[in-house]
1. Please pull out the direction-averaged projected area of segment 126-189, using the convex hull of its alpha-carbon atoms, in nm² to one decimal place.
2. Charges at C-beta only: +1 for Lys and Arg, -1 for Asp and Glu. How large is the resulting dipole of segment 1-76 about its Cα centre, in Debye rounded to 20?
3. Under unit Cβ charges (Lys, Arg +1; Asp, Glu -1), what dipole magnitude, rounded to 20 debye, does segment 126-189 have relative to its Cα centre?
4. For Glu139 and Arg89, compute 0.36 nm times the residue count separating them, minus their Cα-Cα distance, and round to one decimal in nm.
5. In nanometres, what is the gap between the two model label sites at Ala129 and Leu25, each 7 Å from Cα along Cα-to-Cβ?
6. Which ³J(HN,Hα) values, rounded to whole Hz and listed in residue order, are derived for segment 20-28 from phi using the Karplus coefficients 6.51, -1.76 and 1.60 in 6.51 cos²θ - 1.76 cosθ + 1.60 with θ = phi - 60°, glycine and proline given as x?
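The numbers here are math on the coordinates, done by the rules we state, and not lab data. The shown structure was predicted, so the numbers you read here are calculated from the model rather than taken from an experiment. All Cβ positions, glycine included, derive from the backbone under ideal geometry; neighbour counts span all protein chains shown.
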Amino acid sequence: MVDLERQHTVTLLLHRWKGGDAGALDALMPLVYDELRRLAQRYMSTERGDHTLQHTALVHEAYLELVRMDVGWNDRAHFFAIAARAMRRILVDHARTKNRDKRGGAAVHVDFDDVEERAAAPGELGILALDESLRRLAERDPRASDIVELRYFGGLTQNELAEVFGLSLATVNRELAAAKAFLRADLDL
């Protein structure tokens, strides 16, 4: 759990950075780097083992994207929500690029005898399938999609989600449960 003093410091530095203090960015990055790495690891945990993009590269690409953004940072939770979205977008773009490769992209060779075993293997869900499912959820319920993304990829707690969205904890829990049910059905899990 992130302590309150650290949360406050991150928020203060974000506001200073937003106000044009370049030194605030230098002070901010050491405070958020480990959490950005945890976000990257969460995202990468759903990827195949031979993925060509590593945690550190994902963090650095997201960092560059965050620095270039013109965002009015509200607080720590907002920063990590935007960082999670940036990482998701980077991984989706990376996967789409790999799929466009002339030699089959992300196609995996599977022997006929292994088909049934692979189909039953957990953790085979790719970022593209998840991204498409989250897009379908967003068409039906944009807030539920945002809540799922920020909870599972952004690492926000239910209490932080309630604060970010201005909802009660019970409402956040209900929306998470409904969204998870939708995703399971949509992904045929």
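1. On the way: hull surface 15.8 nm².
Quarter of the Cα hull surface area: 3.9 nm².
2. On the way: 9 positive and 12 negative charges, 16 e Å.
For this selection, approximately 80 debye.
3. 160
4. Working: separation 50, 0.36 × 50 = 18.00 nm, distance 1.75 nm.
Gain on extension, Glu139 to Arg89, equals 16.2 nm.
5. Between Ala129 and Leu25, the label points sit 3.9 nm apart.
6. The phi angles translate into x, 7, 4, x, 5, 5, 4, 6, 6 Hz.
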